[in-house]
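The values are calculated or read from the model by the stated rules, or taken from the named source; none is laboratory data. From a predicted model like this one, the values you see are computed outputs, not experimental measurements. A quick note on method: Cβ atoms are made from the backbone with ideal geometry, for glycine too, and the neighbour counts reach across all protein chains shown. Keep in mind that these areas ignore ligands, DNA and RNA; they rest on the heavy atoms of the full protein, side chains included. Shrake-Rupley method; radii C 1.70, N 1.55, O 1.52, S 1.80 Å.
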Amino acid sequence: MEYEIFDLGDITLQSGVTLPNAFLAYKTYGKLNEKKDNVIVYPTAFGDQHIQNEWLIRNGMALDPQKYFIIVPNLLGNGLSSSPSNTPAPFDKANFPQVTIYDNVKFQYRLVTEKFGIQKIALVVGWSMGGIQSFQWGASYPDMVERIAPFCGGAKTWPQTYVVLDGMKAALMAAVGLDSCKLNQLTSADMRTVGRVYAGWGLSQAYYREELYRDMGFDSIDDFVAGVWEDSFMKMDPHNVLAMLWTGQYADISANPSYNGEFQKALKSIKALACIMPGSTDLFCTAEDNKYEAKLIPNAVFNPIESIWGHFAGRGINSADNKFIDDNLKHLLALNTNG
């Protein structure tokens, strides 16, 4: 896997903890132009690495590397950027400090400005927790970000979403008898149950009712859950997952010194043109939550992905959903941001 490393040095997190020798893993696509105004930032989602974002980066698509300079920064905790699995003691495994969405975007800002000298971003786009980061970019740097396009992700983790993520965490805690002192004993095999918990939330009731998993080569629900959900989650490090779950559970674009928890103020501060695309059948990053958020952003359009793929309408798997997202991004990028 090819990617680059941006050394952050010793960073002080929002929690007050200093993480030594921290770093961001990132990959770029395309070439930065002379004006440095063809920049797209595309953060990764929970559990994903930059390679999972590549379905949306193609010649002829909205995120065209022949036209744009696309930066994909990896989320802290995902195994490539500073994470429980690659950080030495005393911050390894379950001892890794709590990292917020605000922290992630702050360090991505350093990458964009210090490494590349970029002062304007044409678009920040992302799926799920990548979507939350795009909202955060818009709120943290309103004069820098010209457009945002979150899909299947909210501007904060609403209470029911928190509960869903907590259920995933509980599956791991159960593996060590709910004893937090034993968390370092967790192995990737313990992720099997987490995959099964998430299987009921990632896709919609209609998806399962219509047995669309058969189109993916699975003859039964059991085969599908084992072959997709168990398998994909067991490839993840459990301590990385716990770190990312914490980041996800406490995500809120207003939970920082700029807004002091005033969520509506944070949304109203976003100057970027915004295209907000929830999945119409998403069970835990709901269209209803996004609709509320969109009404408070001055220059936002609310464009649900009409799909029975639930949260995974934004995952790059279903061609109709992919085209909808790409068409909306093309339209957004064509809009003039100068008035």
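Scan segment 188-203 and tell me whether some residue there is open to solvent by 50 Å² or more (accessible area, probe 1.4 Å), in contact with an Asp or Glu (Cβ under 6 Å, 6 or more places away or on another chain) and either of a type in the set (Ser, Thr, Tyr) or not assigned by the TED database to the domain that holds Ser307 (or both). Within segment 188-203, one or more residues are open to solvent by 50 Å² or more (accessible area, probe 1.4 Å), in contact with an Asp or Glu (Cβ under 6 Å, 6 or more places away or on another chain) and either of a type in the set (Ser, Thr, Tyr) or not assigned by the TED database to the domain that holds Ser307 (or both).
Within segment 231-250, being part of a helix (DSSP H, G or I), within 14 Å of the chain's Cα centre (by Cα) and over 18 Å from Asn184 (Cα atoms) holds for Thr247, Gly248, Gln249.
Check off (1) aromatic (Phe, Trp, Tyr); (2) open to solvent by 40 Å² or more (accessible area, probe 1.4 Å); (3) in contact (Cβ under 8 Å) with a residue 40 or more places away in the chain for Phe233 and give me the number that stays unchecked. It is condition (2) that Phe233 fails.
Listed conditions (1) crowded, with 17+ Cβ neighbours inside 10 Å; (2) among the hydrophobic types (A, V, I, L, M, F, W, C); (3) part of a helix (DSSP H, G or I); (4) in the same structural domain as His50 (by the TED database) are all met by Val228, apart from (4). Among the residues of segment 112-131, those identified as touching a strand residue (DSSP E or B) at 6+ places or on another chain (Cβ under 7 Å), within 19 Å of Ile305 (Cα to Cα) and outside any helix (DSSP H, G or I) are Val124, Val125, Gly126, Trp127. When residues in segment 14-34 are screened for being β-branched (Val, Ile, Thr) and under 19 Å from Ile118 (Cβ atoms), 1 of them pass. Residues in segment 67-82 that are in a loop (DSSP other than H, G, I, E, B) and either crowded, with 24+ Cβ neighbours inside 10 Å or not assigned by the TED database to the domain that holds Gly126 (or both): Asn74, Leu75, Leu76, Gly77, Asn78, Leu80, Ser81, Ser82.
You will find that of Val125, Val163, Val176, Val145, the residue that is out of contact with any helix residue (DSSP H, G or I) (no Cβ under 8 Å at 6 or more places or on another chain) and aliphatic (A, V, I, L, M) is Val163 and no other. The set of residues from segment 93-103 being open to solvent by less than 40 Å² (accessible area, probe 1.4 Å) and part of a loop (DSSP other than H, G, I, E, B) comprises Phe96, Pro97, Val99, Thr100. Cβ-Cβ contacts under 6 Å between residues 6 or more apart (or on different chains), taken from a first residue in segment 133-160 that is under 16 Å from Val39 (Cβ atoms) to a second residue that is at pLDDT below 95, are listed as Glu146/Thr337. Counting only residues that are surrounded by fewer than 19 Cβ atoms within 10 Å (Cβ to Cβ) and within 15 Å of the chain's Cα centre (by Cα), which one in segment 9-54 is nearest to Asn328 (Cα to Cα)? Here the answer is Glu54.
Per-residue answers, yes or no, for (1) open to solvent by 10 Å² or more (accessible area, probe 1.4 Å); (2) within 17 Å of the chain's Cα centre (by Cα); (3) without any contact (Cβ under 8 Å) to a residue 40 or more places away in the chain; (4) over 30 Å from Ala189 (Cα atoms):
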site: Asp252; (1), (2), (3), (4): yes, yes, no, yes
site: Pro257; (1), (2), (3), (4): yes, no, yes, yes
site: Met277; (1), (2), (3), (4): no, yes, no, yes
site: Thr281; (1), (2), (3), (4): yes, no, no, yes
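Residues that are assigned by the TED database to the domain that holds Thr281, farther than 28 Å from Ala287 by Cβ and touching a Lys or Arg at 6+ places or on another chain (Cβ under 6 Å) do occur in segment 102-125.
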